[in-house]
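> Before anything else, here's the structure in question.
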Amino acid sequence: MTSAEAKLKERVKELTCLYEVTSIIVNADYDQIDASLEAIVYCLKRAWQFEQVTEVFLKVGEYTVQTDDFKPNMVCLSSKIKVFNKLEGEVMVGYPSEKYSIDDFLIEEQTLLNNVALDVGNLIERKQIRDSEALTRRKMERTDRLHILGEITAGIAHELNTPLANILGFAELLTDKMTDKQSVRDLEKIMDSAIFSREIVKKLMFFACEMPQEMKRVQLIPIVTSVIKLLAPSLRDKKIKLVTTYENEDLVLQADTVQLTQVLFNLIMNAIYYSPENSIISVKVLDTENHILLKIADQGEGIPKELEDKVFEPFFTTKPIGEGTGLGLSVVHGIITSHKGTIEHEQNTPKGTIFTVNFPKL
C-alpha cells in the first residue's frame with residue numbers, strides 16, 4: 001500500500017469514527033449514558049492506526065469505561081473532557097509501551113481525540129440539563145400538590161375545630177352531672193378522644209401554615225443541642241451514635257422556638273426510627289453566605305424511589321398502623337415553608353437518607 005493510500009485509509013477511519021460517535025450521541029439514552037460511553041470507547045479503538053493493539057480509557061464525572069486490556073502504563077494520547085467549562089475527566093488512547101512510543105501516534109489522531117472529548121463533554125452537559133429540568137419539574141409538581149393539599153387541609157381543620165370543641169365542652173358538662181362511675185369513665189374516654197383529635201387538627205394547621213407564630217431571633221445550636229439531649233434515651237436504646245458538626249456556634253435565625261424545636265425533634269426522631277442498631281446519625285449545621293443548612297443523615301434503608309414525592313404529604317407514612325399518623329414530615333414541611341425555608345431529601349451513601357433544611361440568613 002502506498003503512503004497516499006495509507007493516509008487515505010486513516011482519514012476514512014477517523015471520519016467514520018466521528019460519524020459513529022455523533023450517531024451514538026444523537027441516539028443516546030440519558031438513563032443509560034454508560035452504555036453510550038462504552039460504544040464511543042470502542043469506536044475510538046477502531047479508528048487508530050494500529051487498532052489491533054489499541055486500548056481506550058474514558059472517565060467523566062461518575063462514569064468510567066475502558067476497553068478490556070487497557071493498562072495504566074501504556075503510552076497514551078489523552079484529551080481532557082470539560083463539562084460547562086469545568087474539567088470533569090479525560091479520554092486516553094494507548095499502545096503497549098514495550099513496542100510503541102509516542103511518536104507512533106499521528107497528528108490527526110490527537111485532533112480526532114480532542115473532537116471526541118468535546119462531543120463527550122457536550123453529551124454530559126445535555127444529560128445534566130435534562131436531569132435538572134426533570135428535577136425542577138418534579139419539584140414544581142410537588143409544590144403545587146402540597147399547596148392544594150394545604151388549602152384543603154386548612155379548610156378541613158377549620159371545619160373540625162368547632163364540633164370538636166362542642167364535643168369536649170358538652171362532655172365536660174355531663175361529667176359534672178354524672179354520678180355513675182362507668183358513665184364518668186365513658187365520658188373521660190370521649191374527652192380523651194376529642195383532645196387527641198384536636199391535636200391532629202393542630203398538626204394539620206401546622207402543615208397548612210395556619211398556626212400563629214411567635215417569630216424572634218433565636219440561636220440555632222442551643223436548640224439543636226437541647227433536642228439531642230431530649231432524644232438521648234432513644235439513641236441509647238438502639239445503640240446509635242449521633243455525630244454533630246457545627247461550622248458556626250453562633251448562628252442566629254428568625255424563628256418560632258417551639259416550631260423550630262418540633263422540626264428538629266421530628267427529623268431526628270424519624271432518623272432514629274429508621275436507623276438500624278449500632279449505626280450512625282449525623283447532624284450538620286453548615287454556614288453559607290446567604291443560608292443556614294441543617295443536614296440530618298441516617299444509615300437506614302432509605303426512601304424507595306416510587307415514594308420520594310410523597311413523604312411530605314399529610315397522612316402518608318411507611319410506619320406500621322398505630323406507630324405514626326403520617327403528619328410528622330408534613331408538619332415539618334409546613335413549619336419550614338412558613339419560615340421561608342425549604343426541605344429536601346436525598347440518598348445517603350452507601351445507604352440511608354439525608355434531609356437538608358435550608359433557612360435564609362437574617
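> When you go through (1) open to solvent by 70 Å² or more (accessible area, probe 1.4 Å); (2) among the charged types (D, E, K, R); (3) in contact with a helix residue (DSSP H, G or I) (Cβ under 7 Å, 6 or more places away or on another chain); (4) in a helix (DSSP H, G or I) one by one for LYS82, which number turns out not to apply?
So the condition that LYS82 fails would be (4).
> Continuing with the same structure: Specify which of the listed residues (LYS45, LYS71) is open to solvent by less than 50 Å² (accessible area, probe 1.4 Å) and among the basic types (Lys, Arg).
The conditions single out LYS45.
> In addition: Determine if the range 216-231 includes at least one residue that is more than 30 Å from LEU164 (Cα to Cα), in contact (Cβ under 8 Å) with a residue 60 or more places away in the chain and either in contact with a Pro (Cβ under 7 Å, 6 or more places away or on another chain) or surrounded by fewer than 19 Cβ atoms within 10 Å (Cβ to Cβ) (or both).
yes
> Which residues, counting only those in the range 57-86, are small (Gly, Ala, Ser) and free of Cβ contacts under 8 Å to residues at least 40 places away in the same chain?
SER78, SER79
> Out of the residues in the range 337-362 that are modelled with pLDDT of 90 or more and of a type in the set (A, V, I, L, M, F, W, C), state the one that is farthest from the chain's Cα centre (by Cα).
PHE359
> Which numbered condition in (1) in contact with a helix residue (DSSP H, G or I) (Cβ under 6 Å, 6 or more places away or on another chain); (2) modelled with pLDDT of 90 or more; (3) closer than 27 Å to LYS340 by Cα is the only one that ASP309 fails?
Against the list (1) in contact with a helix residue (DSSP H, G or I) (Cβ under 6 Å, 6 or more places away or on another chain); (2) modelled with pLDDT of 90 or more; (3) closer than 27 Å to LYS340 by Cα, ASP309 comes up short only on (2).
> Restrict the check to the range 15-31 and report whether at least one residue is open to solvent by 60 Å² or more (accessible area, probe 1.4 Å), touching a residue at least 12 places away in the same chain (Cβ under 8 Å), out of contact with any Ser or Thr (no Cβ under 7 Å at 6 or more places or on another chain) and outside any helix (DSSP H, G or I).
No: the range 15-31 contains no residue that is open to solvent by 60 Å² or more (accessible area, probe 1.4 Å), touching a residue at least 12 places away in the same chain (Cβ under 8 Å), out of contact with any Ser or Thr (no Cβ under 7 Å at 6 or more places or on another chain) and outside any helix (DSSP H, G or I).
> Considering only residues that are free of Cβ contacts under 8 Å to residues at least 60 places away in the same chain and either open to solvent by 10 Å² or more (accessible area, probe 1.4 Å) or among the basic types (Lys, Arg) (or both), which ones fall in the range 298-310?
The answer is ASP298, GLN299, GLU301, GLY302, ILE303, PRO304, LYS305, GLU306, LEU307, GLU308, LYS310.
> May I pose another question? Considering only residues that are crowded, with 18+ Cβ neighbours inside 10 Å and more than 16 Å from the chain's Cα centre (by Cα), look in the range 284-297 and name the one that is nearest to ILE335 (Cα to Cα).
Among those residues, the one meeting the criterion is ILE292.
> Where residues in the range 331-347 are assigned to a strand (DSSP E or B) and in contact (Cβ under 8 Å) with a residue 12 or more places away in the chain, which of them is least open to solvent (accessible area, probe 1.4 Å)?
Only one residue tops the list, namely ILE343.
The values are calculated or read from the model by the stated rules, or taken from the named source; none is laboratory data. Quick caveat: nothing in here was measured; it's all calculated off a predicted structure. Positions of Cβ are backbone-derived with ideal geometry, glycine not excepted, and every protein chain shown enters the neighbour counts. What goes into the accessible areas is simple: the full protein's heavy atoms, side chains included, and nothing from ligands, DNA or RNA. Shrake-Rupley method; radii C 1.70, N 1.55, O 1.52, S 1.80 Å.
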